[in-house]
Amino acid sequence: MRKFVLALAVSAAFATPAMAEPFSGAYVGAEAGLDNYEGQGEDVFAAGDAFDGISGNGLVGGVFAGYDFAAGNAFFGIEGKASLSDAEASYDDTIDTLDIRAKETFGASARAGLMVNGNTGLYARVGWANTKFKVAINGTAASDNDDALVLGAGLQTRLGTNALLRVEYVRSDYSDFIKNNAVLAGVAYHF
């Protein structure tokens, strides 16, 4: 009995802990959340004027698709995304008016994550996004597409065999003039 207990203790000491099965394979999903855009501008109405902190909130929804690769207790992946926002920021000083609306966004990012247990993983993302903005200055409208660096972090957990739920925070930096913060919840199906 003593030899059996000693053998069990030695094998337990050198045993590798069971690793969580990381996320892997192709997936598609949908997400929705809260969107906030903050803008800065110079020379909008007249030379030398400056605006900082023009902010607009709204809802955002979209679809995404990607592919995850498993590596030990980690997962790495690529993801494409398309979304539509109704965030709007306005300024009105009774003389001049400014209205900025975010519309459709398309982007791609790389993800890397670690499993924290058998069903849940934490991940970070870095990527690129292109958003169409509609701007009206004193009633004159124009639209422009701007590129952004995208950084984010999230948590995803399995809901059964193929479905998962995820929550993430994403920050998009559109040069020096516009910043976006979004909190998103999504569901996905892994193939």
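Derivation of every value follows stated rules applied to the coordinates shown; laboratory data play no part. All of these numbers come straight from a predicted model, not from anything done at the bench. Methodologically, a virtual Cβ is constructed for each residue, glycine included, from the backbone with ideal geometry; neighbour enumeration extends over all protein chains shown.
Below are the figures for this structure:
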read-out: Normalised alpha carbon radius of gyration of region 121-191 [divisor 2.2 N^0.38 Å]; value: 1.47
read-out: At R0 = 35 Å, FRET efficiency that the Cβ-Cβ distance of Ala47 and Asn181 yields, to 0.05; value: 0.70
read-out: Extension gain, Leu159 back to Tyr67 (0.36 nm per residue minus Cα-Cα distance, nm); value: 31.3 nm
read-out: Zone of Phe106's modelled label, taken as backbone nitrogen in region 145-185 under 15 Å from a point 7 Å along Cα→Cβ; value: 145-148
